[in-house]
Amino acid sequence: MHRRNFLKTTVGGVVALAAAKMAGLTYAQDLSSPLVPDKRAGRVGQTFSELRGVNLGGWLVLEKWMVPDVYRGSDAPDEYSLCLDLGSRAKDRLDRHRETFITADDFRWIKQCGLNAVRLPVGYWALEAPKPFVESSRFMDFALEQCQQNGLKLILDLHGAPGSQNGWDHSGRSGPINWPKDPQNIQETLRILESFAQKYGKHPALYGIELLNEPNDKIPLEILQKFYQDAYVRLRKHVDPGVAIVFHDSFRALAWQKFMQVPAFSNVILDTHLYQCFDAKDESRTALEQLAFALNRKETLDEMQEKELPTIVGEWSLSLPDKAMSGLSALQAESVTRGYADAQLLNYEGTRGWFFWSYKLEYPSEWNFRHCVERGWLPGSFGV
């Protein structure tokens, strides 16, 4: 079945449209249409996304829930602890994972699926690894080479900073949020970002550099703003004007009005991550309420692009709390998942771009893009 008929002829589409009606929204977008960004790419009124992509999560920054086999025989909660636990064996195990988890075949599959971009999470230890971390520079080189060969663009995302910007395992080390407490951590992060720009800033596959993934929402805004501006100045010295500087909203979607605007700043993109499975409010919604909530997020996305900056949805998935599916038949649960996928795509297609989290896991999941495509929850082709 062609994707253009999906909303008309599948249960998932009926559920999505019912939720749209519930949310008071109307859509008539054809997701199988070719990529046609208008002159205001990223602004309200844009019809199609410039970037349609996936995150290469769990590859160069480990997350135990995504790649548990890498952690076999260890109780370590994060990459730092795993490397400490493995000691001299860390390099062999991590390099083996990096060589096999994402290969040239994966980049070809991404291209054949109709996507045109990847977001590559890396840690501050990527080029120069302080102990006990293991550097990953040759795999970064490989990713950019594969993107160039396959006509893909890449956003290089600093996912973990010295001291940890959020205390989560995907910053490299879970625990205290020490990044903003020590000015040296911030200066070291700036130096590392500049080293990325020096090495990769002229690479033809590089679309942008993301300054810091998901900084905690309690970090004072003035600290983040100064860091973002300082990073922009240091990176712009080394990257072409066409390379975007991307920064995350720190889960404060509408806190960035009048920040880093033209003409003082050029080609700046705001990144937001949209999930509906983590907090108590997420847990309280029924299936239809989840779909309506997803559709209603269009209002905030439009406001971000109108009053702040061109915006990407740098992370999203098809995961919903178990409670949302409670009492549903298997058929109903399948239709809700497809409807949730459509509700999100309908909205995110109006932004500069989107990146599903994540391309693959070690097992089937609503977080596993390949599995979602193979299961029929997501389109088999994205028409780019």
P(r) over all Cα-Cα pairs of segment 104-177, 10 Å bins from 0 to the longest distance, whole percent per bin, short to long, reads 20, 40, 27, 12, 0
For segment 369-381, in residue order, the Karplus 3J(HN,Hα) values (coefficients 6.51, -1.76, 1.60; θ = phi - 60°; whole Hz; Gly and Pro = x) are 4, 4, 5, 4, 5, 5, 6, x, 6, 10, x, x, 9
Mean-square fluctuation maximum in Gaussian network of the chain, Cα pairs under 10 Å, restricted to E135, E299, E145, hits E299
Separation between the S381 and S329 pseudo-spin-labels, each 7 Å from Cα along Cα→Cβ, expressed in nm? 3.3
Reach of K218 by Cα under 18 Å, taken over lysines that are not fewer than 8 positions away in the same chain: K181, K226
In whole Hz, with x marking every Gly and Pro, tabulate ³J(HN,Hα) for segment 300-317 from phi via Karplus 6.51 cos²θ - 1.76 cosθ + 1.60, θ = phi - 60°. 5, 4, 4, 5, 4, 6, 6, 9, 10, 8, x, 10, 10, 9, x, 8, 6, 8
Set the Förster distance to 51 Å, then compute FRET efficiency between E306 and Q148 from the Cβ-Cβ distance, nearest 0.05. 0.90
GNM on the chain, C-alpha springs below 10 Å: top fluctuator among R52, R338, R96? R96
Hey, rough spin-label estimate for S88 and Q198, points 7 angstrom out along Cα→Cβ, what's it come to in nanometres? 3.2
Using a Gaussian network model of the chain with C-alpha springs under 10 Å, which one of G242, G201, G353 is most mobile by mean-square fluctuation? G242
Could you provide, to the nearest whole Å², the per residue accessible area of the chain with probe 1.4 Å? 40
Output the 0 to 90 degree angle, nearest 10, between the alpha-carbon long axis of helix 90-101 and the longest principal axis computed from the alpha carbons of the chain. 30
Given (i) 47; (ii) 55; (iii) 52, which label gives percent of Cα pairs over 27 Å apart as computed from the coordinates? (i)
For K307, give me every one of the aspartates and glutamates with a C-alpha distance below 17 angstrom, ignoring sequence neighbours fewer than eight places off in its own chain. D249, D271, E299
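The values are calculated or read from the model by the stated rules, or taken from the named source; none is laboratory data. Just so you know, these numbers come straight off a predicted model, no measurement behind them. Neighbour counts are summed over all protein chains in view; Cβ atoms, including those assigned to glycine, are modelled from backbone coordinates with ideal geometry. These accessible areas exclude ligands, DNA and RNA; they are computed on the full protein's heavy atoms, side chains included. Shrake-Rupley method; radii C 1.70, N 1.55, O 1.52, S 1.80 Å.
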